[in-house]
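Here is the structure we will look at, set down as structure tokens.
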Amino acid sequence: MTPRHPPICNYEGSDYQSTFWEHGGRTYEDQVEAIALRRLLPPSGQLLLELGAGAGRNTLRYNQFDRIVLLDYSLTQLQQAQTRLGTDHRYIYVAANVYQLPFMPGLFDAATMIRVLHHMADVPLVLNQIQQVLQPGAIFILEFSNKQNLKAILRYALRRQSWNPFTPEPVEFISLNFDFNPFTIRTWLQESGFSIERQLTVSHLRVGLLKRLVPLRILVTLDSLAQWTGNWWQLTPSVFVRAKAVGQVRYTDGKPILSSSPLGLFRCPGCGNSPLAETPTSLNCSACGHQWSIQAGIYDFRQ
């Protein structure tokens with residue numbers, strides 16, 4: 001079978017963390033997303049994979065995990081995360097393609113993917129990759145942009161938008177920016193080997209006028225209360241899903257089987273071979289001969 005190579009949205013060189021989150025008037029969105037994460041995350045864990053970690057905006061919200069792997073395609077985003085978080089052994093920085101993850105199967109006991117899926121042109125491929133690197137029983141928290149949000153429905157009813165928010169296919173409103181139908185996302189998750197445990201609707205009040213006129217704490221409180229309706233309907237621009245990788249967790253001496261060495265986490269994303277041989281500047285695959293560089297503590301698996 002010919003491998004699929006979907007296009008990649010690359011934030012290399014972007015100041016997204018500063019311009020969008022810190023100085024872009026997104027405090028409301030950041031706080032309500034933090035509430036959703038607290039509600040969905042397990043109380044503790046060993047090894048979490050943060051997919052699309054960017055500059056590490058959410059990483060400190062995962063402190064109940066012993067170690068966190070920050071994955072992003074952009075090397076500069078990971079460098080910003082490293083500046084923010086430091087080089088503590090708890091954080092492992094990996095530049096890689098989410099369509100071709102460089103990790104051992106059944107490795108992680110949790111994963112998150114927040115504000116990333118809307119850049120994915122092949123969602124089933126992404127979900128299959130994630131499911132493969134999760135322990136059976138692992139928790140996966142996924143956020144997606146919802147095409148069936150109330151604003152889109154009203155715009156369609158008033159004929160101010162051409163695409164139908166109720167059709168199952170994604171809509172690409174600008175290049176590599178997709179909104180998804182909630183039913184389609186649930187179907188893809190189930191087909192990829194996940195069972196859905198909980199849905200939260202987030203950013204109910206993402207309206208510029210409200211954000212200017214209503215105090216932040218009131219907006220956050222109202223959104224926090226409304227999030228619990230997510231299992232009943234999804235009409236917000238952002239939806240959070242807590243899913244579980246199906247199967248039984250394998251235990252040794254009462255603990256999930258997880259690698260204690262960063263080197264033991266990886267396999268070659270090109271040919272799937274493991275283990276890789278480590279030098280001070282690279283990880284080397286003995287099967288296909290590929291050398292994957294290590295740059296200032298960041299493992300670079302981009303091809």
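The values are calculated or read from the model by the stated rules, or taken from the named source; none is laboratory data. Treat the numbers as computed from the prediction; the structure is a model and nothing was measured. Counting neighbours? That spans all protein chains shown, and the Cβs are built from the backbone with ideal geometry, glycine included.
A few comments on the model shown:
- When segment 27-55 is limited to residues that are of a type in the set (S, T, N, Q) and surrounded by fewer than 15 Cβ atoms within 10 Å (Cβ to Cβ), the one that is nearest to Cys9 (Cα to Cα) turns out to be Thr27.
- Ile153 being out of contact with any Asp or Glu (no Cβ under 9 Å at 6 or more places or on another chain) and either under 30 Å from Pro43 (Cβ atoms) or part of a strand (DSSP E or B) (or both): no
- Among the residues making up segment 106-124, those that are at pLDDT 95 or above and aliphatic (A, V, I, L, M) are Ala110, Ala111, Met113, Ile114, Val116, Leu117, Met120, Ala121, Val123.
- Some residue of segment 20-29 being more than 21 Å from Ala110 (Cβ to Cβ), in contact with a Ser or Thr (Cβ under 8 Å, 6 or more places away or on another chain) and not in a loop (DSSP other than H, G, I, E, B): yes
- Members of segment 60-86 found to be closer than 16 Å to Thr112 by Cα, assigned to a helix (DSSP H, G or I) and of a type in the set (D, E, K, R), listed by number: Arg61
- In segment 283-299, the residues that are free of Cβ contacts under 8 Å to residues at least 40 places away in the same chain, in contact with a Phe, Trp or Tyr (Cβ under 8 Å, 6 or more places away or on another chain) and crowded, with 17+ Cβ neighbours inside 10 Å: Leu283, Cys285
- Residue in segment 204-211 that is among the basic types (Lys, Arg), surrounded by 15 or more Cβ atoms within 10 Å (Cβ to Cβ) and either in contact (Cβ under 8 Å) with a residue 40 or more places away in the chain or farther than 19 Å from Arg39 by Cβ (or both) present: yes
- Extreme residue, farthest from Leu127 (Cα to Cα), among residues of segment 198-253 that are polar (S, T, N, Q), modelled with pLDDT of 95 or more and assigned to a loop (DSSP other than H, G, I, E, B): Ser203
- Applying the criterion of being touching a helix residue (DSSP H, G or I) at 6+ places or on another chain (Cβ under 6 Å) and over 25 Å from Thr19 (Cα atoms) to the residues of segment 62-97, the residue that is surrounded by the fewest Cβ atoms within 10 Å (Cβ to Cβ) is Ile92.
- Test: Arg115 is within 25 Å of Ala36 (Cβ to Cβ) and either assigned to a loop (DSSP other than H, G, I, E, B) or more than 16 Å from the chain's Cα centre (by Cα) (or both): yes
- Annotation: Pro42 fulfils all but one of (1) within 13 Å of Ser224 (Cβ to Cβ); (2) in a loop (DSSP other than H, G, I, E, B); the unmet one is (1).
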